[in-house]
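Student: Take this structure, written in structure tokens, and hold onto it; I'll ask about it next.
Derivation of every value follows stated rules applied to the coordinates shown; laboratory data play no part. Here the structure is a predicted model, which means the values were calculated and not measured. Counting neighbours? That spans all protein chains shown, and the Cβs are built from the backbone with ideal geometry, glycine included.
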């Protein structure tokens, strides 16, 4: 699991 | 970025433009639920809490700032400049239940137990129900100006287009976010009855009147 989750949507 | 997502974001921008245009041109906020607008302000601040600390792209950065600023500007206009034109007696939906429910949903369904992830999840669940005070208001009045109806329609299109976007990303990008997808489907279902009436009346050139 990534350290921080990338929320790339608006 | 795919066309569904771009189309959805553009529909979102159009909805904001329609709303601000309606309020300033008519010098009136009649028919618009300030409660829904306040909920959207909360949604954007919590969703984009990392707008200055996490860089994704110029596109998302600018859009996030537009959504935060325009939602605050709308609430400010409604609360100050056009306060006398509001309908507080028909804008009576109890938003504390929507906020409380979203807090509970975020506590259960989140990607990680960190502050940023919890407020992100909260914003997703809150957005899925934020239109309810507006739809409730519409139901109480039974009819609305077409411009108000176009605003709600454009906002609904925005979320509806995110569904094929998620299907696209799931197939081609191996990307899937179950929280955003489930909440997005709930939100689109909330709009479905509205879409039906919109199609039946407004598309055929009639006034928006609930049957």
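Student: For the stretch B:175-211 and the stretch B:58-124, what is the separation of their C-alpha centers, rounded to whole Å?
Tutor: Cα centroid of the stretch B:175-211 versus Cα centroid of the stretch B:58-124: 19 Å apart.
Student: Moving on. Can you give me the orientation-averaged projected area of the convex hull built on the Cα atoms of the stretch B:96-182, in nm²?
Tutor: Result: a mean projected hull area of 7.0 nm².
Student: Same structure, new question: Per residue, how much space in cubic angstrom lies within the convex hull of the C-alpha atoms of the stretch B:107-156?
Tutor: Working: hull volume 4.2 nm³, N = 50.
So the per-residue Cα hull volume is 85 Å³.
Student: Identify which of B:37, B:174, B:86 has the largest mean-square fluctuation in a Gaussian network model of chain B, with springs joining Cα atoms closer than 10 Å.
Tutor: In the Gaussian network model the winner is B:174.
Student: With labels modelled as points extended 7 Å from the Cα through the Cβ direction, what inter-label distance (nm, one decimal) is found for residue B:147 paired with residue B:168?
Tutor: 3.2 nm
Student: Could I ask something else about it? Going from the alpha-carbon gyration tensor of the stretch B:148-211, what semi-axes, largest first and in whole Å, does one get by taking the root of 5 times each eigenvalue?
Tutor: Details: eigenvalues 167, 23, 13 Å².
Ellipsoid half-lengths, sorted descending, are 29, 11, 8 Å.
Student: Still on this structure: Please report, in whole Å, how far the alpha carbons of the stretch B:75-117 spread along each principal axis, starting with the longest.
Tutor: 44, 19, 9
Student: Another question, then. Just for the Cα atoms in the stretch B:1-106, what are the lengths along the principal axes, largest first, rounded to whole Å?
Tutor: Between the extreme Cα coordinates on each principal axis of the stretch B:1-106 lie 42, 37, 25 Å.
Student: For chain B, compute the orientation-averaged projected area of the C-alpha convex hull (one quarter of its surface), in nm².
Tutor: Details: hull surface 48.4 nm².
The orientation-averaged projected area of the Cα hull of chain B comes to 12.1 nm².
Student: Provide the gained length on full extension for the span residue B:25 to residue B:2, in nm with one decimal, where the gain is 0.36 nm per separating residue minus the Cα-Cα distance. Don't skip to the answer; put the middle values down first.
Tutor: On the way: separation 23, 0.36 × 23 = 8.28 nm, distance 3.41 nm.
Contour length minus Cα-Cα distance gives 4.9 nm.
Student: Sticking with this one: Taking 20 °C and 1.002 mPa s as the conditions, I'd like the Stokes-Einstein D for the protein assembly as shown in µm²/s, using the Kirkwood hydrodynamic radius from alpha carbon pairs.
Tutor: Details: Rh = 18.0 Å.
Stokes-Einstein gives a translational diffusion coefficient of 119 µm²/s.
Student: At 222 nm, what value in deg cm²/dmol follows for chain B if DSSP H runs of at least 4 each add -39500 (n - 2.57) and the sum is divided by all its residues, to the nearest 500?
Tutor: -24000 deg cm²/dmol
Student: Going 7 Å from the Cα of residue B:113 in the Cα-to-Cβ direction, what parts of the stretch B:156-195 have a backbone nitrogen less than 20 Å from that spot?
Tutor: Residues B:179 qualify, since their backbone N sits under 20 Å from the label point.
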